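Working notes for the structure below.
The values are calculated or read from the model by the stated rules, or taken from the named source; none is laboratory data. The structure presented is a predicted model; accordingly, all values stated were derived computationally and were not measured. Quick reminder, even Gly has a Cβ in these numbers, built from the backbone with ideal geometry, and neighbours come from all protein chains shown.
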Amino acid sequence: MEDCLAKKMEITVSEAEKRTGRNAMNMQETYTAYLIETRAVESQNEGQCSPVDSLWRRYSEFELLRNYLLVTYPHIVVPPLPEKRADFVWHKLSADNMDPDFVERRRIGLENFLLRVASHPVLCQDKIFYSFLTQEGGWKEMVNETGFQLKADSRLKALNATFRVKNPDKRFTELKHYSDELQSVISHLLRVRARVADRLYGVYKVHGNYGRVFSEWSAIEKEMGDGLQSAGHHMDVYAASIDDILEEEEHYADQLKEYLFYAEALRAVCRKHELMQYDLEMAAQDLTSKKQQCEELATGTMRTFSLKGMTSKLFGQETPEQREAKIKILEEQIQEGEEQLKSKNLEGRDFVKSAWADIERFKEQKNHDLKEALISYAVMQISMCKKGIQVWTNAKECFSKM
Amino acid sequence: AVGTPKPLPSSGPKSLREMPHPLATSSSEEMGPALTPSPELLLPRSIADKDLSLPNGTPVDTSSPASSSSLLNRLQLDDDLDGETRDLFVTVDDPKKHVCTMETYITYRVTTKTTRAEFDLPEYSVRRRYQDFDWLRNKLEESQPTHLIPPLPEKFVVKGVVDRFSEEFVETRRKALDKFLKRITDHPVLSFNEHFNVFLTAKDLNAYKKQGMALLSKMGESVKYVTGGYKLRSRPLEFAAIGEYLDTFSLKLGTIDRIAQRIIKEQLEYLVELREYGPIYSTWGGLEVELSEPLEGVSACVGNCCTALEELSEDMTEDFLPVLREYILYSESMKNVLKKRDQVQAEYEAKLEAVALKKEDRPKVPTDVEKCQDRVECFNADLKADMERWQNNKRQDFRQLLMGMADKNIQYYEKCLTAWESIIPLLQDKPETK
């Protein structure tokens, strides 16, 4: 197991704070800043606590960091950021970015992101990442200086490659299908879960009305009064209990969301492969056609129809000198092309190898994490059932005393 | 063992001297030979014996029913019924569908087991339909107007919305009809009613129904013809209190009914979402390899919770709501009895005042005013006794009802708990093949 940053350094996103400032267009804006605290992990150092370093970052800086990582390590499944805007909300949660619950869950999500990167064998060694954690001023300039934006593949180029690539590695094609379906199924799950939460909330809250009416009824009863009154209290407890239950369930939803966004990161790696493969195929195709041209010029035969051939036939042949010159240029180009093709081939194979290694690592991580998430979900459900049994048992006892 | 004849303090049948023979007045054209009932089956034995006494053997008593001795007897009556010396058991079961050319309807078997002298046989088994129960209730209201008659389940059901022949509807109705008869059985006065006896025993109830002259009680006859229009001076405190209590009580029950309905509605909407939710885990499981079993497990678990929830909602609809509604109906009919009582008292007060205004020197109060006073006192006594009984039964009924509601919810959560606990080992399982 490589020695990743996470083992040497404690990283937390400990606080969130509302700030106001001026944006690029000199307009006033409100945003949230997050406090990143880091501390070197001292192994076996009694009593000696290393100092805590801290700096503030806002969400857009996290985004910048991630974009940098995406471009710089296209063969890595880069951990996703928590959602920019609240999505899959059920009625109680607001979709407002300034809402304290949303900010709190985002804080946890950002911390999770940093820990994921810090425990990745490749990503944790990145200098920009390290500076993100430790260097307050000038970090943005540093990132931009890497010129990573220029290296980014255009969306259009990538889309084009996806459609036109002829021979991608089958595993990547399958993986792409898998990530599409994973995205689809998790978003469906999250949407319906939000509706389920909404309905469950309704069921619990209506029971609160029993509390009031039992109390009112108990006022006109002699012997039944006490039992009714105390049972009503338990109904109030029952109605109130749903708030905590659903709050806990949001953590489960967040765990699912992380993997929803991870699916996008998987797709990005597949897209990169397709792009490289397409590039390779185009280069090979170009080389083949140049070789063909060269051959035609050398032998004087025209194997395939070409406009040039036709025009030269119609308007007269070239001089031998002209032909020689052309052949020379082509031969140079062919040589260049062959070298390029060789290196592209190598690049492609390296990419496939390292990407697939990271994908295997990711698969294991995903299986482990999702299993844990399902277990904690089941535990939540068990806890909810036990609370329900408790409340109704208490109510039953009160009724028995009527 | 035949019990000692118990006195009917207030509302026994009229003096048999005053009553014409039932069969004499009914026109023979109406009843064909096949329908001519034999006296033994239709009429209490005492009439056939030309005995001038009440069906249970006691001589007709025209003195004030509220006399202390009869009150004492009534109290003894209650003790006996509460103890182990029950001598009348009635059950409603075995619903059957009858398809005829004109209509389709359901009959229920009414089984009676008794040691009472008023019954010729120790056991009876007859079939009755809802309209027979309805007839019985009307007859009881007519003949025992000073008493609280238990309610019947609702008569009319909106066709198309509720299936009158569905198992659930029929079972709910059967339970309510059973409760209705049991409440009458437990009542020290109503259980001795003529019509009740016939209802339980007659092979052909329709023939009996056709008899024009019903056996009206003295009270029934008199109260029936009490006209309204008399204004009540002052309602005795206890009856005012009962009236106020019933008003608030039925209001609160109405609220509880609405809440319960709302909960069922929300639960069913929750169920709809859960039904979509569970299968998504299964779909996901189809995409995965290592996670396939855990996801399938979660899907199945959610499915089990759906089943449990469905059962809970059904139980609440079938067992909880109907009983609430019965009690609301009960309160309504009780308020009507209270109104009648007011009228009887008002009439007495008016007549008394009229006499006082005449200022004639009379040695005693005229008999019709005396009769009014009797009626008032009788009514008050009956009503008071019935209210006490009703309060007690109400407490037991609601105790049972609400404990039942709590129980059903506990069972629901226990089923869900079992489902979720059982998949924890499945989720934690580490695959052997790696």
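Key figures
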{"quantity": "Among (1) in the same structural domain as B:D178 (by the TED database); (2) under 30 Å from B:K340 (Cβ atoms); (3) modelled with pLDDT under 90, the one test that B:L75 misses", "calculated": "(1)"}
{"quantity": "Set A:S306, A:S400, A:S312, A:S343: member being at pLDDT 90 or above and out of contact with any Lys or Arg (no Cβ under 8 Å at 6 or more places or on another chain)", "calculated": "A:S343"}
{"quantity": "Among the candidates B:Q391, B:Q345, residue that is polar (S, T, N, Q), closer than 30 Å to B:K408 by Cβ and either part of a helix (DSSP H, G or I) or not assigned by the TED database to the domain that holds B:S422 (or both)", "calculated": "B:Q391"}
{"quantity": "Qualifying positions in segment A:349-382 - more than 14 Å from every other protein chain (Cβ to nearest Cβ) and surrounded by fewer than 17 Cβ atoms within 10 Å (Cβ to Cβ)", "calculated": "A:R349, A:D350, A:K353, A:S354, A:A357, A:R361"}
{"quantity": "Residue identified as modelled with pLDDT of 90 or more and over 24 Å from A:V122 (Cα atoms) among A:R58, A:R66, A:R85, A:R22", "calculated": "A:R58"}
{"quantity": "Residue count for segment B:308-333, restricted to those that are surrounded by fewer than 17 Cβ atoms within 10 Å (Cβ to Cβ) and over 21 Å from the mean Cα position of the chain (by Cα)", "calculated": "3"}
{"quantity": "Residue in segment B:81-97 that is hydrophobic (A, V, I, L, M, F, W, C), without any contact (Cβ under 8 Å) to a residue 40 or more places away in the chain and farther than 14 Å from B:L181 by Cβ present", "calculated": "no"}
{"quantity": "Any hit, segment A:251-268, residues being of a type in the set (D, E, K, R), part of a helix (DSSP H, G or I), farther than 26 Å from A:W356 by Cα and out of contact with any helix residue (DSSP H, G or I) (no Cβ under 9 Å at 6 or more places or on another chain)", "calculated": "no"}
{"quantity": "Unmet requirement for B:I264, which otherwise passes all of (1) within 15 Å of A:L200 (Cα to Cα); (2) more than 10 Å from chain A (Cβ to nearest Cβ)", "calculated": "(2)"}
{"quantity": "Counted residues, segment B:405-434 - those being surrounded by 15 or more Cβ atoms within 10 Å (Cβ to Cβ) and either facing chain A (nearest Cβ under 9 Å) or modelled with pLDDT of 95 or more (or both)", "calculated": "19"}
{"quantity": "Residue match in segment B:366-385 (condition: surrounded by fewer than 17 Cβ atoms within 10 Å (Cβ to Cβ), modelled with pLDDT of 90 or more and either within 14 Å of another protein chain (Cβ to nearest Cβ) or farther than 30 Å from A:K371 by Cα (or both))", "calculated": "yes"}
{"quantity": "Selection within segment A:116-141 - in a helix (DSSP H, G or I) and surrounded by 15 or more Cβ atoms within 10 Å (Cβ to Cβ)", "calculated": "A:R116, A:V117, A:A118, A:L123, A:C124, A:I128, A:F129, A:Y130, A:S131, A:F132, A:L133, A:W139"}
{"quantity": "Segments classed as helices (runs of 4 or more DSSP H), wholly inside segment A:142-237, with at least 2 members that are within 14 Å of another protein chain (Cβ to nearest Cβ), modelled with pLDDT of 95 or more and surrounded by 17 or more Cβ atoms within 10 Å (Cβ to Cβ)", "calculated": "A:170-218"}
{"quantity": "Of the criteria (1) at pLDDT 85 or above; (2) surrounded by 14 or more Cβ atoms within 10 Å (Cβ to Cβ), which one A:D101 fails", "calculated": "(1)"}
{"quantity": "Residues satisfying the stated conditions in segment A:387-402, i.e. at the interface with another protein chain (Cβ under 7 Å from one of its Cβ atoms) and in a helix (DSSP H, G or I)", "calculated": "A:G388, A:I389, A:W392, A:T393, A:A395, A:K396, A:F399, A:S400"}
{"quantity": "Number of the exception - A:E249 against (1) touching a Lys or Arg at 6+ places or on another chain (Cβ under 9 Å); (2) modelled with pLDDT of 95 or more; (3) not aliphatic (A, V, I, L, M)", "calculated": "(2)"}
